[in-house]
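First the structure, in the form of structure tokens, and then the observations on it.
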Amino acid sequence: MDDTRIDNNQELWNEICFILSENIKPDISETQFQREVVRALEKLGWRQFKKEIIEKISMPSGTSSIEADVIVQSPENSVPFFVIEIKAPNVDSTNKKIAAQLLSYMRQSKCEIGIIIGNMISIIWDDRQSTQTDYLLLDQFPFVPENNTDGIEFINVFSKSGVMENNSIQGYIQKKVHSIQQNIAYSEEKKRITSKVYCEKIKEYIKNDIESNLSKELADKLINEISVSISSKDPQPILNDSVHSHSVNSNKIRTATKPNSFDFTQYTLDGVTYGKGRLALAIVKKYIKENPNTSFHKLENIFPKYLQGSAGVFKKLEDALEIINRDKKRHFVKPDEVIKLTDSTVAVSTEWGVGNIGKLLKAANSMKYEIKAIE
């Protein structure tokens with residue numbers, strides 16, 4: 001891709017972020033937000049008057065019908081290019097029930113790509129060739145403008161020119177699925193070669209090697225006196241494409257694996273090692289250092305509440321202090337910890353764990369922050 005096209009697509013992504021995030025009032029209704037989504041699709045080259053963008057389309061489902069928010073299609077083709085489920089920005093669009101709802105629309109319309117647009121953009125894929133009931137969360141795009149290669153990729157894939165001229169969606173699916181499969185293989189191989197079983201195989205190799213120099217008795221004695229273990233030598237980078245596989249059952253979606261409740265992973269950012277809570281503080285501080293003219297509302301758009309969960313990534317300092325008075329400390333509130341914005345001072349949440357740190361890492365990754373996990 002030439003530099004001019006990259007610059008144009010970056011500018012277009014910046015405009016999409018403005019339309020769907022920066023210029024959106026926190027209390028906007030879903031209906032009003034849908035109008036902005038259609039406006040953003042028009043920026044991508046799709047045209048409503050040509051019936052390429054269809055809103056509130058009813059689809060038969062058994063004895064009743066279901067209604068998709070938006071589909072994007074070619075009027076000559078009965079199968080949409082993609083189906084969109086829209087949620088107001090103040091709703092946690094990562095809720096798995098939303099993906100289940102979208103999946104039902106996708107299957108009724110025989111469309112393999114679905115997009116959830118709310119406080120971020122999420123892409124899910126339904127493999128129509130598979131007999132399984134799984135879907136894959138291929139990607140998530142927080143509304144982070146400026147120097148965002150992920151945002152440029154979204155424009156490349158889902159713009160009208162990309163879809164119609166370059167068959168971009170199929171190429172995107174193949175790339176993402178391959179990346180996910182490689183990450184699965186990476187994790188499985190790492191687990192295999194650090195397992196006790198694999199270490200016993202190495203001990204057996206050592207035994208066979210030393211038996212040429214020692215009697216069998218002494219070789220057995222030596223092997224029994226040593227232990228072999230393999231562990232990670234260096235901090236491992238956060239992989240760009242995490243595995244997001246979910247199984248559907250009675251309209252409920254649950255994650256296929258459960259994380260260990262006790263996770264003591266640490267992380268490095270800019271050469272400093274942090275636990276999960278301090279890492280969250282460091283990420284927000286880094287963003288403000290690079291963007292000193294940030295308001296409270298803009299910071300909420302960059303770090304949406306859902307990244308942390310119900311409590312949010314940060315609160316205004318006065319609200320954080322009030323929580324301490326009535327309950328307990330849940331935010332970083334020391335003078336050197338609080339963060340000054342153009343219109344307020346905020347305190348970052350201390351409540352981070354294996355269940356929510358991944359979403360924040362994804363957002364930081366989209367900003368090109370180099371974070372490594374120390375296992």
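For the reader, a short list of remarks on this structure follows.
- Selection count, the range 190-200, where residues are in a helix (DSSP H, G or I) and either of a type in the set (V, I, T) or exposed (fewer than 13 other Cβ atoms within 10 Å of the Cβ) (or both): 6
- Residue in the range 304-311 that is assigned to a helix (DSSP H, G or I), under 22 Å from I24 (Cβ atoms) and either in the same structural domain as D92 (by TED's automatic domain parsing) or in contact (Cβ under 8 Å) with a residue 60 or more places away in the chain (or both) present: yes
- Test result for S232, polar (S, T, N, Q), outside any helix (DSSP H, G or I) and under 30 Å from D150 (Cβ atoms): yes
- Boolean, T273 is at pLDDT 90 or above, exposed (fewer than 14 other Cβ atoms within 10 Å of the Cβ) and within 18 Å of W352 (Cα to Cα): yes
- Residue list for the range 351-375, filter: polar (S, T, N, Q) and out of contact with any Pro (no Cβ under 8 Å at 6 or more places or on another chain): N356, N365
- The range 72-110: number of residues that are touching a helix residue (DSSP H, G or I) at 6+ places or on another chain (Cβ under 8 Å) and within 21 Å of K51 (Cα to Cα): 8
- Matching residues in the range 290-314 - criterion: being among the β-branched types (V, I, T) and farther than 16 Å from A347 by Cβ: I302
- Considering (1) acidic (D, E); (2) closer than 30 Å to I28 by Cα; (3) in contact with a strand residue (DSSP E or B) (Cβ under 8 Å, 6 or more places away or on another chain), the lone condition that D92 does not fulfil carries the number (3).
- Residue count for the range 131-178 satisfying the condition of being within 18 Å of the chain's Cα centre (by Cα), more than 29 Å from E290 (Cβ to Cβ) and of a type in the set (D, E): 1.
- Only listed residue being surrounded by 14 or more Cβ atoms within 10 Å (Cβ to Cβ) and farther than 16 Å from K286 by Cβ, chosen from E322, E318, E351, E337: E351
The values are calculated or read from the model by the stated rules, or taken from the named source; none is laboratory data. Note that the structure is predicted; figures quoted are calculated from it, not measured. Cβ: placed from backbone, ideal geometry, glycine included. Neighbour counts: every protein chain shown.
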